[in-house]
Ligand code: XMP
C-alpha cells in the first residue's frame, strides 16, 4: 500500500480544496455521488468538500443508527443545513440493533455494523439514488491501521481488497486519504466549517458501540450515552486529543443507601495524541477525576464504579473495540 502523505507542513489548504474539487467533478462527471455524514471531523470535511465540488449531484445521508451521542443527529443535520447541505436523516435503529444482537466479539461487532451499514441500509439508498460513487472520509491513519491488521475500520474496503463496484455497485472516492487528522482539520477550517466541528475530538464510525464491551443493546447505549455527555462536558476545556466513556461488561459490587448494589462500571479515557497512532493518557488533575466519578455515579443509573485508564496506546487502543 503506497499512499503518499500530504504533511501539515506541505499542505496548502486552498490549493488542496481547489484540486480535490476539480478531481471530484471530473471523476463524477454528470453522475450522482452519495455520502454518509456522521458529524465527525473527517466526514464533515468530506461532506463540505464534495458539496462544494458537486452541489446537487451529492446526496448526503445521516444514518441514525441509534448509536450516536445525546442530541447529535439533530445538531449535525441543523449545522449542515446552515451550510446549504440538505442532509437526509434515515432512521436505521432497528437494522443496527438487530445486527448487533448477541454479538460480543469486537471484530464481529465491527463487522455487523459494516454489514448493516453497507448491505442493509446504504446499499438500498445507493440503489434508490442511482449513485455510482460513494464518498468516504478515510484518512491515512485508518488505512495504515487496517492494513496492519490492527483494526477493521468500518470505512476501509478498497484497502482490504474488496471491490466495491462488484460487491455494492459503486466506486469509493476517498479525497482525504493522503492526510492525517491535523491536516484534515486545517482543510475543514479553510472550507469554512466552525471550529467546534474541525477542532472537535474525533469520534469513531461505530459511534458509542465502540465504547461498549460485550453485547450492544439500546439500554447499554443509553448508559454510555449519559456517561459520555458528562465526560465531554467536564473535559471540554482539557485540551486533550480525545476523551470518552466506556461501559464494561463486568459488574462489580457497590453500596448505595446502605444496600449492596451489584452495578455497572464505567471507564473514563482521556488521551494526549498528535494523530491517534500513538497516545498517552492525559495527566488530568485528581480533583477532575474525582468529580467525574461523583457525577457519573450520581447521574447514570446503576453505575457504582468509575475508573481512569492509565495505559498508553500501544498496547491500548483509543476506543474499546
Ligand atoms: P483506535 O481505537 O483504533 O482509534 O486507537 C484511533 C482513532 O480512530 C478513531 N476510530 C475510528 N474512526 N472509524 C473511524 O472513522 C472507525 O471505525 C474508528 N474506530 C476508531 C478513534 O476514535 C481514534 O480517534
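Computed from the coordinates by the stated procedures, all read-outs in this text should not be read as laboratory data. Please read all numbers here as calculations on a predicted model, not as lab measurements. Reconstructed Cβ throughout: ideal geometry from the backbone, glycine too, with neighbour counts over all protein chains shown.
Shape class for segment 104-143: oblate, because the ratio a/c of the largest to smallest gyration tensor axis (alpha-carbon atoms, square roots of eigenvalues) is 1.5 or more and b/c is at least a/b.
If I take every Cα pair under 8 Å that is 6 or more residues apart in segment 207-298, average their sequence separation and divide by the length, what percent do I get for the relative contact order? This gives 25 percent for segment 207-298. The value of relative contact order for the chain, using C-alpha pairs under 8 Å at least six residues apart, is 18 percent. Angle of helix 181-190 to the longest C-alpha principal axis of the chain, folded into 0 to 90 degrees and rounded to 10: 60°.
Quick check on segment 1-159: take the gyration tensor over C-alpha atoms, sort the square-rooted eigenvalues as a ≥ b ≥ c, and tell me if it's rounded (a/c under 1.5), prolate or oblate. It is oblate, given that a/c is not under 1.5 and a/b is not larger than b/c. With contacts taken as Cα pairs under 8 Å and at least 6 residues apart, segment 1-121 reaches a relative contact order of 19 percent.
With the helix formula -39500 (n - 2.57) applied to DSSP H stretches of n ≥ 4, the chain reaches a computed 222 nm mean residue ellipticity of -11500 deg cm²/dmol. What separates the Cα centres of segment 295-312 and segment 93-120 is a distance of 26 Å. Out of 258, 302, 55, any idea which swings most in a Gaussian network model of the chain, alpha carbons joined below 10 Å? The residue with the greatest mean-square fluctuation here is 258.
Let a ≥ b ≥ c be the square roots of the eigenvalues of the Cα gyration tensor of the chain; is it rounded (a/c under 1.5), or, if not, prolate (a/b larger than b/c) or oblate? Note, shape of the chain comes out prolate. Footprinting exposure proxy ranking of 24, 284, 37, fewest other C-beta atoms within 10 angstrom first, gives 284, 24, 37.
Cβ crowding within 10 Å, taken as a proxy for footprinting-reagent exposure, orders 270, 21 from fewest neighbours to most as 21, 270.
Taking other C-beta atoms within 10 Å as the exposure proxy, 64, 30, 272 rank 30, 272, 64 from fewest upward.
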